[in-house]
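Heads up, the thing below is written out as structure tokens.
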Amino acid sequence: MFTRSAGFIVALLVSGAAVAAESPQRGQPITAAEAAAWDLTIAPDGVGLPKGRGTVKRGEQVFAEKCVSCHGEKGEGKPADKLVGGQGTLGGDQAPVKTVGSYWPYATTLFDYIRRAMPLTEPQSLSAEEVYSVSAYVLYLNGIITDKAVLDAKSLPRVKMPNRDNFHIVYPAKIQ
Amino acid sequence: MLEHIDETPVAGNGLLDRRMFLRGAGAIGLVSAAGSAAAETLMVPAWTKTPGAWLQGYGQPSRFEGNVARGPFPADLYGGIGPGSTRAPLQNLEGMITPNGLHFERSHNGIPDINPDQHRLLIHGLVKRPLTFTVEALSRYPMTSRIAFIECAGNSGALYGPKAAEGTAQSLHGLVSCAEWTGVPLAMLLEEAGVDPAAKWFIAEGADAASMDRSVPLAKGLDDAMIALYQNGERIRPSNGYPMRLLLPGYQGNMNVKWLRRIKLVREPAMTRDETSKYSLLLKQGHVAQFNFPMDAKSVITKPSPGLTMTGPGIYEISGIAWSGNGKVAKVEVSADGGKSWALAALSDPVLSKALTRFRIPWRWDGGPAILQSRATDDSGYVQPTREQQIGVRGSLAQYHCNLITSWGVSAAGEVKHVYA
């Protein structure tokens, strides 16, 4: 018993690999396919985006039904976040208006966030088609895509966000 | 025994030697202040002459401490749901530990009511063996404990503003708290799952109605990250992540994902909403600094502070908290003349890496106007900046990671207010 616990302390100090030797190994194996049921992550290159497609027109309907009460007509905001406008307000002296259109660096984030968290009262209730469509509508309102654009797993990651190049990764350093 | 420590100020406007209280010389000052109070007749109070209350299953603070509470509450815009935060009442607390019921809280769509028997932690992605863990399974692992602060990246953000915001230590700086966290080192679980060498980051996601998620460098996960199950000895409170949260000592609070249900190992960050739209710093010329993780050294005087009125000239103890996400607090200096001169404060043991550290210094207030400041230096040599320095580098729109020196103005009437010096 003594040697076992002493061994554990040494293992912790030596390396992560040694730790496992004394781990009780209580994890329950699960297949990657089973794990997918919980996997909401969408990478900026589009990995994780589901099948399906959405249009601006359909998105306008979804927005009117499920978003406008909190995000206002045409995404103008109030009581919740303004989703549209503010482009050109970030670099100067005026108060910055941060929105999906002016600030967000990746279009994939829009799909990811709406799917996991919106509408506030009913998260994870929208179909893939509804999420693609309402994402398209918000991007259209910001002048980033045209009213004819169709969004799917291929086209969404290709949407270039206007503020993309202003984002700089600091890690592993930190700012002053 | 009593080494003579003179009451001559060690810095401007009455700051005294930090060792004075410790070694007893302060008694002179205290006695003279107390001596002026009128003598009162000592009565035997009612509670000494009647039996007290019966025992309690879970203790509560005295009913006379009812004003010590988290706050302020945000406006209720969506009928009692939605994002929000409340802050710890720093001006009412002492020592380094925040009581569980007063630990600041921040959530993005409410506090989930999680049944621990049904909760699962999934570890998947770039691993050899995807695994799930129940709370019960995790309880079988060897645990570690550490005292660590958690600070919201938005704490103190009002100090970037053009005018000194009215507020208290709580309302301006209360998005920081410190607890003893106990749980399983994340490294041990990652080892069990078998990390694919291609993995460089992991996504941590909560089981709340925001499914709040952040990308974390795998190096941090293998270093001092913990799956925390206990907070100050009891199971983590729902508002702090029951039944489990990620603890990333020193990193911005939002990354210490509460109600943790999923860890996915990946090559690149996911660029989630809370690491792009929020918790990124808008600097000069529109540049945005993303993934600035550690909370830099900071300190704030909690006593005296706004809301606590001075009760006449005499000797006071100035007390406050200091912390650094990069290591230990090496020293805290205090000024009573708006930063013209500084005196070293005493640090109360224990002084721990990435934990709140209590500092104290005696002060003879002469009854005139004063500006109190504190300045922390950590063991990396980093010095807490002045407002001018911080805004000079970052501009004033960064919103997050504000750690500049706070000034409390003391008026001749003894009122304490937040000011810019």
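Please treat every number below as a calculation from the coordinates, not as lab data. Computed from a predicted model, the values in this text were never measured in an experiment. We place every Cβ from the backbone using ideal geometry, glycine too, and count neighbours over all the protein chains shown.
Tabulated data for the structure shown
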| read-out | value |
| --- | --- |
| Of A:LYS82/B:LYS200; A:LYS160/B:LYS264; A:LYS98/B:LYS303, those spanning more than 28 Å from alpha-carbon to alpha-carbon | A:LYS82/B:LYS200; A:LYS98/B:LYS303 |
| Chain B - Rg (one decimal) and Dmax (whole number), Cα, Å | 23.4, 77 |
| Within-14-Å neighbourhood charge of B:PRO385 [Cβ basis; K, R +1; D, E -1] | +1 |
| Descending semi-axes in whole angstrom, ellipsoid equivalent of the protein assembly as shown, from the Cα gyration tensor | 45, 30, 23 |
| Cα-centre dipole for chain B with unit charges at Cβ (Lys and Arg positive, Asp and Glu negative), debye to 20 | 660 debye |
| Structure-based [θ]222 nm, the protein assembly as shown - -39500 (n - 2.57) summed over DSSP H runs of at least 4, per residue, nearest 500 | -4500 deg cm²/dmol |
| Expected-Rg normalisation [2.2 N^0.38 Å, Cα atoms] applied to region A:119-176 | 1.50 |
| Over region B:119-188, equivalent-ellipsoid semi-axes from the Cα gyration tensor in Å | 38, 16, 10 |
| For residues of B:73-85, the mean tally of beta carbons on other chains within 10 Å | 2 |
| Inter-label distance for B:THR144 and B:ASP366, nm, one decimal - labels placed 7 Å from Cα along Cα-to-Cβ | 5.1 nm |
| Top of A:ALA80, A:ALA36, A:ALA128 by mean-square fluctuation, Gaussian network on chain A, Cα under 10 Å | A:ALA36 |
| Hydrodynamic radius (Kirkwood) for region B:337-388, which is based on Cα pairs only, to one decimal in Å | 13.2 Å |
| Gaussian network model of chain B, Cα within-10 Å springs - most flexible of B:GLN56, B:GLN390, B:GLN285 | B:GLN56 |
| Shielding by other protein chains, B:396-403, mean Cβ within 10 Å | 1 |
| Shielding score for A:98-106, defined as the mean number of other chain Cβ atoms within 10 Å | 4 |
| Highest average packing first - B:397-405, B:194-202, Cβ atoms within 10 Å | B:397-405, B:194-202 |
| Entries in B:LYS163/B:LYS284; B:LYS258/B:LYS284; A:LYS154/A:LYS174; A:LYS74/A:LYS148; B:LYS220/B:LYS258 that, when Cα-Cα distance is taken, lie over 27 Å | B:LYS258/B:LYS284; A:LYS154/A:LYS174 |
| 10 Å-binned pair-distance histogram of region B:307-421 (Cα, whole percent) | 14, 42, 33, 11, 0 |
| Longest DSSP-loop-exposure-free segment, trypsin sites (Lys or Arg not before Pro), chain A, at most 14 other Cβ within 10 Å | A:52-147 |
| Charge context of B:LEU347, other residues only, Cβ under 11 angstrom, K/R +1, D/E -1 | +4 |
| DSSP-loop chymotrypsin sites (Phe, Trp or Tyr not before Pro) across region B:333-365, with at most 13 other Cβ within 10 angstrom | none |
| Convex hull of region B:150-196 built on C-alpha atoms - directionally averaged projected area, nm² | 5.5 nm² |
| Chain A pair-distance distribution - Cα-Cα, 10 Å bins, rounded % | 9, 28, 25, 15, 11, 9, 2, 0 |
| Qualifying aspartates and glutamates (Cα of each under 19 Å from Cα of A:LYS57; at least 8 residues distant if same chain) | A:GLU65, A:GLU73, A:GLU76, A:GLU129, A:GLU130, A:ASP147, A:ASP152 |
| Reciprocal mean inverse distance between Cα atoms of region B:120-286 - Kirkwood radius, Å | 16.8 Å |
| Residue of B:VAL410, B:VAL332, B:VAL300 that the Gaussian network model of chain B assigns the largest fluctuation, springs spanning Cα pairs under 10 Å | B:VAL410 |
| Charge tally in the Cβ shell below 13 Å around A:SER133, where Lys, Arg are +1 and Asp, Glu are -1, A:SER133 excluded | -1 |
| Degrees between helix A:107-117 axis and first principal axis of chain A (Cα, 0 to 90, nearest 10) | 70 degrees |
| Loop GluC sites (Glu not before Pro), region B:101-196 (other Cβ atoms within 10 Å of the site Cβ: 12 or fewer; DSSP) | B:GLU166 |
